[in-house]
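Before any comments, here is the structure.
The values are calculated or read from the model by the stated rules, or taken from the named source; none is laboratory data. This is a predicted model, so every value here is computed, not measured. Neighbour counts run over all protein chains shown; Cβ positions are idealised from the backbone, glycine included.
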Amino acid sequence: MTDIATTPAVARTARSEAMRRALFRFRQSKLSIVGAVMVFLVLFFTAFGGLLAPYPEHVAGGVDTANRFLAPSVGHPFGTNELGQDVLSLVMAGTTVSVAAGFAVVLIGTLIGTTVGAIAGFNGGWIDEVLMRLSDLMLTIPGLILAMAVAAALGPGFVNMILAISLSWWPGYARLVRGEVISAREEVYVSAARAIGASPARVLFRHILPNIVSPVIVKMSLDMGFAILTVAALGFIGIGVRPPTPEWGTLLSISRSYMPDFWWTAIFPGLAMFLAVFGFNLLGDGLRDVLDPRARR
Amino acid sequence: MTSPLLEIRNLHLSMTSFEGSAHVLAGIDLTVNRREIWGLVGETGCGKSLTGLSVSRLVPSPPAQYLDGAICLDGTDVLALSDREMQALRGKRIGMIFQDPTTNLNPAFRIGTQLIDVALAAAVRDPAVLDLGPKAGRGERHRAARALAIRMLEEVGIPNAAARVDDYPHQFSGGMRQRVLIAMALIGRPNLLIADEPTTALDVSVQAQILKLLKQMVVDHDMGVVLITHNLGVVAQTCSHVAVMYAGTIVESGPVRAVLDRPTHPYTKALLDAIPARNVQRGALRGLPGSVPNLITPPPGCRFAQRCPLAQPSCTQKPPHKVAVEAGHMVACPVATQALENANA
Amino acid sequence: MIRFIVKRVVLIIPILIGLTVIMFVISRMLPGDPVGLAAGPNATAAEIAAYAREFGLDRPLWVQYWDYATGLLRGDFGVSIFTRREVAQDLATYLPATLELVFAALALAIVLGIPAGLLAAVYRNRWPDYLSSVSAIAAISMPRFFLGLLLQLFFAMWLMWLPLGGRFPIIWEPPTGITGFYTIDALLTGDFEGFAMACRHLALPAIAMSLSPLATIMRMMRASTLEVMQQDYVTTARALGLSQRLIIFKYVARNAISATLTVIGLYFGWMLGGTVLVETVFDWPGLGLYATQAIVAQDFMPVVSVAFVIGLLFVTANIVIDVLYGVINPKVRYE
């Protein structure tokens, strides 16, 4: 009997076999499925939340002082707030702001971090040293305080808030990518590519970066939840998006003053925030098991 | 008639994995008496370590499942014991030593602590281990265990044992660590010692010392030993008996001189041919063609038949019976034993 | 050992210089008009200029930094342009409050997280394990400020078991300042009523603060326990008759904790920077609340100084963790 692994037909299907197993593992983990469904719902509301809101005029900033602080009912499942606005509508529309901002933060952080990490890892030497010391430094600065300081200085607003948070978000990616690049650089196939005369840029883009996509995607999905939390935190402190733009953290911070009597104004935005982050974290956890088997325990 | 120290009868073990269920031990028979050192030899994956671990019931179940057979220790079948009863036998009746002395001692604890805990655990079952009455207090037991630990370290040849008992494992050399592990395995005064490749990770010169120590311990403690190894040189040097394993079966067993001087089973012969020796001609050293069969779908007859130079069509029909070719020398190959009979006739 | 500590301490210096430079540059390069804000809405241009001169803000940035940095060496953290108070004095008031909160939360997280992780590993792939891993993901997904609000709603507003916020009743005299930690000071002075009161105030914010580190420590502990349980020395211990309980709680636990320690060190810094939210919810008079007020007023001396203090504590905590790591793991100590 010949050794199975050396049969060419089998070797060709090894990749699809690996994919099949990964999918199998993912489907086996019920929690990841729950997470994926939750994330799908969150993304759905991100796209259509504002359109589907039962009271679009409230989302745009309209008030209805005659109907202030109505308790949850059929007409207003989440009740109304101090301006008579429908809390359900605000929460639905708030998804867009929180998720878009969170995604932007993660994306910018990933772009900066990957660039820095790739340059550091690929070049080595003093460039590596300088860039890595800089990212270590950024990691010692308390991220939330830095983001708050920058956001306050730039002034309120959606874009300013995203910039402020992204500023402290990249070092994690830089470290991750640098580590992966250094280990990938030593792999046999890279030396082989170099030996046949591939240019450094080609080696980096064709051989190294494609192999570090998985861990980066895993980190991005795990970071999504935390980015949403940070966006909400800035809103809660009062340095993020300003009303009337509906944002979960801001909604929560305003309704604080109306507890305990009008608890629904605070509970529902908070729950929405928790569930969205929970979904991303469940999904990220499942993705890590599938895409990054080395991190599996 | 007293029962033997260890008697493994017709042991069948299967292991379930992602691909299916593998029949990894298929009818193991082995009897070990006091003062005997049994070498269990075979290639990697032939089931020799599983046989050793089974005696202490250390094979996790699932995935392992015992299909048939018995493992009797002084007449008691350990497979029938409760977990608690089994735990009481470990360390006290059965001592074990493993391959790599660097990973088998906990790096975060002093060796004394580890020895003392094993002694105290053994003393729960049998206070005589510490030479104390059953009413001895905690402090008294601890002091006795520590004294015993030092005595055991001296016995296995650790110089300056009284001081070194408080050292950490990384402060010892590989050979010294294996001595510590032997002391630990013997501190509860077991009658049976299972040594799983105890010298494989050591330098050749240290190897000889450890084997000599083991032989000494067998005499001093009146023990029986199962020495698992892939090295026939170690077997020739140390063992009184040997059992050759192939793909979950014992193909040949008996007194070490009989088996090594008059190998009968074709696999044993092939194994001996694969050993380099000084007086062997260049080119005479032979590997064995083919590879070990897949145990998820094992061949129905002799598991060696596919690679066997003597194979007959009948060999693939049913598993071979064991036949004694001389006193205690058992061979599981009808073709070879028949040939031997014909030659003698 | 001593050499190791000295080396690490010396390495702190460039980190702190870098940290203050970055904070200094960011805070001064960005748009915004802190002086105008501090001088008041009705101040004239001349008044604003005079105000800037008074605080030396008209000088080049590097001169201001040099002043600040040399001041730090003398323990002078600068002056708030908003309140005109010495920042060092404010820090002395607010830092102990934050540290008390962080230590309480961390203690809670460690005391509950380590055994929980150990048990999750022992019951691997059975219901206690599943339950703990779902709750861990839920716990890290819970916004601390929302959890704080929920705790307030239930325990302070509806059940009225615990106070709504603050560190101590306003009408009471706080315990004499020895350490600045009200709980410890009350105990030291034998004021048990004060101790109970301090604990009641501390309870809710500490719980809100501890949930996420608790979950992380638990998961880390579970992972490292599983890894340790695979080690050869655990098989040997089992083969030689040690009971499962002794193996897990004595041998495995020690090895697993040393891996978990690193996470605790990282979390300490994270919590110091993250008290802002919990302090806001519970009106806890600590560094976070102080920093928030300063940030809103664009009063940058306190902001830079708070970042400096937190950075310093963070780096120090990591050195302490490394030393502890050596104590638990003797092999590291000798290398």
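Condition first: closer than 20 Å to C:Val278 by Cα, part of a loop (DSSP other than H, G, I, E, B) and of a type in the set (A, V, I, L, M, F, W, C). Can you find one or more residues in the stretch C:136-148 that meet it? Yes: the stretch C:136-148 contains one or more residues that are closer than 20 Å to C:Val278 by Cα, part of a loop (DSSP other than H, G, I, E, B) and of a type in the set (A, V, I, L, M, F, W, C). Answer yes if at least one residue in the stretch B:94-111 is of a type in the set (Asp, Glu), assigned to a helix (DSSP H, G or I) and at negative phi, and no otherwise. For the stretch B:94-111, residues of a type in the set (Asp, Glu), assigned to a helix (DSSP H, G or I) and at negative phi: absent. Looking at the structure I just gave you, is C:Val228 within 13 Å of chain A (Cβ to nearest Cβ), within 30 Å of B:Ala185 (Cβ to Cβ) and in a helix (DSSP H, G or I)? Here the answer is yes, as C:Val228 does meet what is asked. Residues that are within 13 Å of chain A (Cβ to nearest Cβ) and more than 30 Å from A:Leu146 (Cα to Cα) within the stretch C:236-285 comprise just one, C:Ala256.
Within the stretch B:37-54, one or more residues are surrounded by 23 or more Cβ atoms within 10 Å (Cβ to Cβ), of a type outside the set (Ser, Thr, Tyr) and in contact with a Cys (Cβ under 6 Å, 6 or more places away or on another chain). Among the residues of the stretch A:98-105, are any closer than 30 Å to A:Ile182 by Cβ, within 27 Å of the chain's Cα centre (by Cα) and surrounded by 23 or more Cβ atoms within 10 Å (Cβ to Cβ)? Looking for residues that are closer than 30 Å to A:Ile182 by Cβ, within 27 Å of the chain's Cα centre (by Cα) and surrounded by 23 or more Cβ atoms within 10 Å (Cβ to Cβ), one finds at least one in the stretch A:98-105, hence yes.
Checking C:Arg59, C:Arg28 one by one, the residue that is within 14 Å of chain A (Cβ to nearest Cβ) and over 26 Å from the mean Cα position of the chain (by Cα) is C:Arg28 and no other. Taken as a whole, the stretch C:164-173 holds no residue that is farther than 27 Å from C:Ala136 by Cβ and either in contact with a Lys or Arg (Cβ under 7 Å, 6 or more places away or on another chain) or part of a helix (DSSP H, G or I) (or both).
For the stretch B:179-209, the set of residues classified as more than 14 Å from chain C (Cβ to nearest Cβ) and within 17 Å of B:Leu105 (Cα to Cα) consists of B:Arg179, B:Thr199, B:Leu202, listed by residue number.
Taken together, C:Arg200, C:Arg222 contain a single residue that is charged (D, E, K, R), assigned to a helix (DSSP H, G or I), buried (at least 23 other Cβ atoms within 10 Å of the Cβ) and away from chain B (no Cβ under 13 Å), which is C:Arg222.
Strands (runs of 3 or more DSSP E) fully within the stretch B:11-90 that include at least 2 residues being small (Gly, Ala, Ser): B:21-32, B:64-73. Here C:Ala69 meets each of (1) within 14 Å of another protein chain (Cβ to nearest Cβ); (2) within 29 Å of the chain's Cα centre (by Cα) with one exception, condition (1). What about A:Phe205, is it farther than 30 Å from A:Arg242 by Cβ, more than 14 Å from chain C (Cβ to nearest Cβ) and within 25 Å of the chain's Cα centre (by Cα)? Considered against the rule, which asks whether it is farther than 30 Å from A:Arg242 by Cβ, more than 14 Å from chain C (Cβ to nearest Cβ) and within 25 Å of the chain's Cα centre (by Cα), A:Phe205 comes out as yes.
Every condition in (1) within 11 Å of chain C (Cβ to nearest Cβ); (2) surrounded by fewer than 18 Cβ atoms within 10 Å (Cβ to Cβ); (3) not in a helix (DSSP H, G or I) is met by A:Leu275 except one, and the failing one is (3).
Matching residues to (1) surrounded by fewer than 18 Cβ atoms within 10 Å (Cβ to Cβ); (2) within 14 Å of chain C (Cβ to nearest Cβ):
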{"residue": "B:Thr16", "(1), (2)": "yes, no"}
{"residue": "B:Ile28", "(1), (2)": "no, no"}
{"residue": "B:Leu79", "(1), (2)": "yes, no"}
{"residue": "B:Leu105", "(1), (2)": "no, yes"}
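I need every pair where a residue in the stretch A:130-145 that is more than 9 Å from chain C (Cβ to nearest Cβ) has its Cβ under 8 Å from the Cβ of a residue that is crowded, with 21+ Cβ neighbours inside 10 Å and of a type in the set (Val, Ile, Thr), sequence separation at least 6 or different chains. Final answer for the pair search is A:Leu131/A:Val116; A:Ser135/A:Val116. Annotation note: of A:Ala18, A:Ala22, A:Ala47, A:Ala53, the sole residue that is at pLDDT below 75 and either out of contact with any helix residue (DSSP H, G or I) (no Cβ under 7 Å at 6 or more places or on another chain) or farther than 30 Å from C:Ala136 by Cα (or both) is A:Ala18.
Candidates in the stretch A:217-241 are the residues that are of a type in the set (Gly, Ala, Ser) and assigned to a helix (DSSP H, G or I); of these, the one that is nearest to C:Pro213 (Cα to Cα) is A:Gly225. Among residues of the stretch A:46-79 being under 16 Å from A:Leu251 (Cα atoms) and either touching a residue at least 60 places away in the same chain (Cβ under 8 Å) or of a type in the set (Phe, Trp, Tyr) (or both), the one that is surrounded by the fewest Cβ atoms within 10 Å (Cβ to Cβ) is A:Gly61.
Within the stretch C:140-151, can you find the residues that are in contact (Cβ under 8 Å) with a residue 24 or more places away in the chain and either touching a strand residue (DSSP E or B) at 6+ places or on another chain (Cβ under 6 Å) or more than 7 Å from chain A (Cβ to nearest Cβ) (or both)? Answer for the stretch C:140-151, where residues must be in contact (Cβ under 8 Å) with a residue 24 or more places away in the chain and either touching a strand residue (DSSP E or B) at 6+ places or on another chain (Cβ under 6 Å) or more than 7 Å from chain A (Cβ to nearest Cβ) (or both): C:Arg144, C:Leu147, C:Gly148, C:Leu151. A single member of B:Arg189, B:Arg138, B:Arg164, B:Arg177 is surrounded by fewer than 18 Cβ atoms within 10 Å (Cβ to Cβ) and of a type in the set (Lys, Arg), and it is B:Arg138.
Screening the stretch C:286-325 for residues that are in a loop (DSSP other than H, G, I, E, B) and more than 9 Å from chain A (Cβ to nearest Cβ) and picking the one that is nearest to C:Phe168 (Cα to Cα) gives C:Gly286. Among the residues of the stretch A:210-225, the one identified as within 14 Å of chain C (Cβ to nearest Cβ) and polar (S, T, N, Q) is A:Ser221. Please go through the stretch B:2-55 and pick out each residue that is of a type outside the set (Gly, Ala, Ser) and on the phi > 0 side of the Ramachandran plot. Within the stretch B:2-55, B:Asn10, B:Arg35 meet the criteria.
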